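Peer 1: Here's a structure for you.
The values are calculated or read from the model by the stated rules, or taken from the named source; none is laboratory data. The shown structure was predicted, so the numbers you read here are calculated from the model rather than taken from an experiment. When we count neighbours, we look across all protein chains shown, and the Cβ atoms used for this are built from the backbone with ideal geometry, even at glycine.
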Amino acid sequence: MKKIFYLIILYSCYFTASYSQAQTAIDSSIAIQQLTPGIFHKHIFDKKDTLSIHVVSLNLKNNSYTVVAVKGNDTLLGRETTSSMVKRINRNHKVIAAINSDFFKIKYGGEPENNLVINGEFAKGTKITDSDYDTFDNVHYQFAITKNNKPFIERFQFEGKIITKSGMEFKINRVNSQTDSNTITLYNHYQGYATPSNNKWKNLEIRLTKLTTNGDTLLCKVTGNWHFGNTKINRNNYILSTNFKMADKVNSVIHHGDTLQILLKLIPDLGKIFTATGGWGRIVYNGKNVADSTDIFEGTFPKFSVTKHPRTGIGFSKDSTTIYLFTVDGRQESSSGVSLKQFADIMIKEGVYQGLNLDGGGSTTMVINNKVVNKPSDKGGERPVGVSIAIIKQKN
């Protein structure tokens with residue numbers, strides 16, 4: 001009798017498991033494609049929850065590829081579709097896949113809210129996230145990757161300083177964007193053809209020409225004289241801009257012909273950062289779903305975090321050797337979208353140990369081999385965005 005009882009239990013478990021597998025097959029379909037050695041694209045269509053999920057994974061052990069940030073129209077305020085950015089950079093690189101990344105300030109065009117580093121150069125440096133929607137001022141988490149392909153997700157803050165020939169030091173508060181009161185801003189070509197106009201006060205500005213770069217340190221020569229605002233910017237020039245009492249201090253010690261050391265970095269200092277772009281907020285920490293904490297720690301709010309939306313995200317594995325790019329479509333019959341908590345669960349299921357939510361909604365876009373593979377939710381189709389992230393083949 002005992003043998004018969006065990007057989008009944010065994011067959012019961014078998015048929016239950018078989019039914020469960022069959023039900024899973026009915027509820028979802030998964031298509032996996034190898035894009036190139038070490039890079040895979042997975043499309044999950046979940047019929048039960050009405051979700052269309054795209055995942056691209058990159059094995060960083062394959063040193064032929066890396067992750068780069070791309071700025072819309074190559075200018076701080078520029079907006080451009082992700083597919084257009086891909087086509088543009090394809091002239092010099094082989095682009096495998098790309099997604100939109102940081103949130104951007106619509107009233108300032110496509111200016112990203114967070115720090116932005118492109119090919120080791122700051123396109124934007126800021127100490128506090130420039131968000132119009134935060135419930136409080138804070139620093140959002142950002143994704144970064146070093147020159148040797150080591151990824152990080154941290155609350156990076158920009159830190160910069162100028163060291164004069166006499167050894168005097170001045171803090172640099174920003175790279176690009178609008179100059180704050182009584183501070184120093186450093187402008188480069190990502191700002192555009194000239195420094196921005198400021199209707200509140202006059203900025204005192206001087207031109208610097210780059211001589212050499214050594215790690216995080218620029219060696220520059222002062223090649224202009226002090227004057228007020230709207231200074232033209234060339235590819236190899238920087239513009240030092242300041243105002244009020246700070247302008248008086250800087251003007252008294254920096255003169256035409258001086259050589260200056262300029263140090264620019266992200267804190268925490270985790271080495272030479274090659275790529276950095278922001279998000280809002282960190283939803284996977286050490287393999288755990290922490291999406292419920294973003295309202296408290298990063299100033300998100302229920303309409304953003306709890307309501308189902310299209311989502312874009314990035315993450316990496318426990319051993320930091322695999323990068324994952326995600327999109328989840330939403331606001332449509334074929335895919336309803338997800339909350340941040342649901343998005344974190346999706347990431348963890350795919351192998352993410354550290355994960356960051358990026359700009360979603362109508363911005364959510366994934367491009368593979370020059371083709372948009374997801375379904376952006378805007379009626380007009382793909383939305384022009386401020387910044388995208390691309391997986392590219394490294395130059396030999």
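Peer 1: With (1) small (G, A, S); (2) in contact with a helix residue (DSSP H, G or I) (Cβ under 9 Å, 6 or more places away or on another chain); (3) part of a loop (DSSP other than H, G, I, E, B) as the list, and A390 as the residue in question, which single condition is left unmet?
Peer 2: The number of the failed condition is (3).
Peer 1: For the range 183-225, what are the residues that are at pLDDT 90 or above and of a type in the set (D, E)?
Peer 2: Result: E205, single match.
Peer 1: Of everything in the range 347-375, what is more than 21 Å from M85 (Cα to Cα) and either of a type in the set (D, E) or modelled with pLDDT under 95 (or both)? Give them in sequence order.
Peer 2: E350
Peer 1: Condition (residue is in contact with a His (Cβ under 6 Å, 6 or more places away or on another chain), in the same structural domain as M85 (by TED's automatic domain parsing) and part of a strand (DSSP E or B)) applied to the range 339-360: is it met by at least one residue?
Peer 2: no
Peer 1: Hey, another quick one. Being free of Cβ contacts under 8 Å to residues at least 60 places away in the same chain and surrounded by 14 or more Cβ atoms within 10 Å (Cβ to Cβ) is true for just one of N173, N149, N138, N188. Which residue is that? Let's see the steps before the verdict.
Peer 2: Details: N149 fails: free of Cβ contacts under 8 Å to residues at least 60 places away in the same chain; N138 fails: free of Cβ contacts under 8 Å to residues at least 60 places away in the same chain; N188 fails: free of Cβ contacts under 8 Å to residues at least 60 places away in the same chain.
Checking each option against the conditions leaves just N173.
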